[in-house]
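Student: Quick one: the structure is below, questions incoming.
The values are calculated or read from the model by the stated rules, or taken from the named source; none is laboratory data. What you see is a predicted model; the values in this text were computed from it and never measured. Glycine also receives a Cβ, built like all others from the backbone with ideal geometry; neighbour counts cover every protein chain displayed.
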Amino acid sequence: MIIEKNTNKSPFFDICKEYNTVKLTCNDGFSVILCSVGASIRQILFPTSDGVLKNIALAFDQDSAYFGNSLYAGATLAPCAGRISQGKLPINGTVYSLSLNENNTNTLHGGFHNASFKNWGLVSAEVNNDIAVVVFKIVLEDGLDGFPGNREIKAVYTLQKNHTLTLRYEAVSDKDTYFNISNHTYFNLTGDFSKSALDHKLQIQADRYILNTPEFTPEGISKVDGTPFDLRQPAVLQEQIKAYPNDIQIKRNRGYNHEYILNHNISATSLTAPATDNKPDLSCTSPDGSLELQISSDSPCVVVYSGGYFETGIELKEGQTTSPDCALAFEFQDYLDAPGGHGFPYNIVHAGESWTREICYRFLKHS
């Protein structure tokens, strides 16, 4: 296992003068490239059978794109992933008004000054017994975007030689507050982001999903039975969409942009253990079956976004450009708009109390 660290000059001196990139490489060439801007995943390079490395995580061609983009590609979503409707955050009888960075109506991914486009500090990058660990840290001041508390957040990346990448988020505040941190990496397991990712096969351990209003806020909970959202057995996304041509949720969201309530067949204590009798929360397989991504988390839900609202023509690595449906995002997080009064579980983190979340990615090559 090798770690390479680089310090880069920033194109935006009002944000930072320089930032760090860190490349973690296994003996077979499998690599993960991280960046301190957004404590983000830049690239995931997977070795093919002929020894060529292909990037399977959506990566911009220009570094400057990571300082602010509509895709939040690869970024840590903090302090809060997803939407909070009308920016209203109730805590202990006080309703905090958050910044409305989505159509002046909702708070999206933490507001205008969220941590996804800030430069995090690189605390450490070390290899120990063939395990690489990288730690980023940021402090968000009390009242930023309306959230209470001076909040310290760490993003801890751990890569093992068996191609298991674990993300652990740790947060603490000096006031009661709300954390719902996640990651927003987009995947296309073919490595070709010029083509649709709807030909990927997906399996999710979930019997229920949340219906969306036209504003992408919760409309209710439904069973997946008899819908295109039934992915309890592996299914090709495009075939699911074609099988239900009149599904209003698919039409309204230009494909999948929905939250699944996980059954959790895997426990939080076994996230990094090899999958045997237990199944991962989510499994995504490339069209030719050669590469599988298994993901498990201790979060209660996962949002699956099939990229129907992607802009066309954003420049990516290797001369590729974006188009609708070119990549899939899996955002492990709390119940959608949990503070919004929908009756969903909603956990306040008390002052001085530690909050954590883990997301574990396992990349498997099949012959």
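Student: Which numbered condition in (1) exposed (fewer than 13 other Cβ atoms within 10 Å of the Cβ); (2) at pLDDT below 95; (3) part of a loop (DSSP other than H, G, I, E, B) is the only one that Gly226 fails?
Tutor: Failing condition for Gly226: (2).
Student: While we're here: Which ones in region 172-184 are assigned to a strand (DSSP E or B) and aliphatic (A, V, I, L, M)?
Tutor: Once the filter is applied, which keeps residues that are assigned to a strand (DSSP E or B) and aliphatic (A, V, I, L, M), region 172-184 yields only Val172.
Student: Yes or no: region 189-201 includes at least one residue that is within 18 Å of Tyr305 (Cβ to Cβ), of a type in the set (Asp, Glu) and touching a residue at least 24 places away in the same chain (Cβ under 8 Å).
Tutor: The answer is yes, given that some residue of region 189-201 is within 18 Å of Tyr305 (Cβ to Cβ), of a type in the set (Asp, Glu) and touching a residue at least 24 places away in the same chain (Cβ under 8 Å).
Student: Same structure again: Residues that are in contact (Cβ under 8 Å) with a residue 60 or more places away in the chain and under 23 Å from Gly307 (Cα atoms): list the strands (runs of 3 or more DSSP E) wholly contained in region 32-113 that include at least 1 such residues.
Tutor: 40-47, 53-55, 83-85, 106-108
Student: Also: Pairs please, first residue from region 343-358 and surrounded by 12 or more Cβ atoms within 10 Å (Cβ to Cβ), second anywhere and of a type in the set (Lys, Arg), Cβ atoms under 6 Å, 6+ apart in sequence or on different chains.
Tutor: Close Cβ pairs (under 6 Å, with a partner that is of a type in the set (Lys, Arg)) amount to Ala351/Lys175; Glu358/Arg168.
Student: Out of everything in region 162-206 that is surrounded by fewer than 23 Cβ atoms within 10 Å (Cβ to Cβ) and among the β-branched types (Val, Ile, Thr), what residue ends up being farthest from the chain's Cα centre (by Cα)?
Tutor: The residue in question is Val172.
Student: Another one. When you go through Lys137, Lys195, Lys161 one by one, which is the residue that is more than 19 Å from Asn347 (Cα to Cα) and touching a Cys at 6+ places or on another chain (Cβ under 6 Å)?
Tutor: Lys161
Student: Before we move on, is Tyr169 of a type in the set (Ser, Thr, Tyr), part of a strand (DSSP E or B) and farther than 24 Å from Ala57 by Cα?
Tutor: Taking the combined requirement at face value, the residue does not satisfy it.
Student: For region 134-161, give me each residue that is farther than 30 Å from Thr94 by Cα, more than 19 Å from the chain's Cα centre (by Cα) and modelled with pLDDT of 95 or more.
Tutor: Gln160, the sole residue that qualifies.
Student: While we're looking at this one, here's another question. Only one of these is modelled with pLDDT of 95 or more and under 26 Å from Ala73 (Cβ atoms): Thr213, Thr185, Thr217. Name it.
Tutor: So the residue among Thr213, Thr185, Thr217 that is modelled with pLDDT of 95 or more and under 26 Å from Ala73 (Cβ atoms) is Thr185.
Student: Only one of Lys23, Lys5 is of a type outside the set (Ser, Thr, Tyr), more than 30 Å from Gly146 (Cα to Cα) and touching an Asp or Glu at 6+ places or on another chain (Cβ under 6 Å). Can you tell me which?
Tutor: Lys23 is the lone residue from the list that is of a type outside the set (Ser, Thr, Tyr), more than 30 Å from Gly146 (Cα to Cα) and touching an Asp or Glu at 6+ places or on another chain (Cβ under 6 Å).
Student: Can you find a residue that is over 25 Å from Phe46 (Cβ atoms) and either at pLDDT 95 or above or of a type outside the set (S, T, N, Q) (or both) anywhere in region 264-272?
Tutor: yes
Student: Also, quick follow-up: Looking at Lys88, is it farther than 23 Å from Cys35 by Cα and of a type outside the set (Ser, Thr, Tyr)?
Tutor: Here the answer is yes, as Lys88 does meet what is asked.
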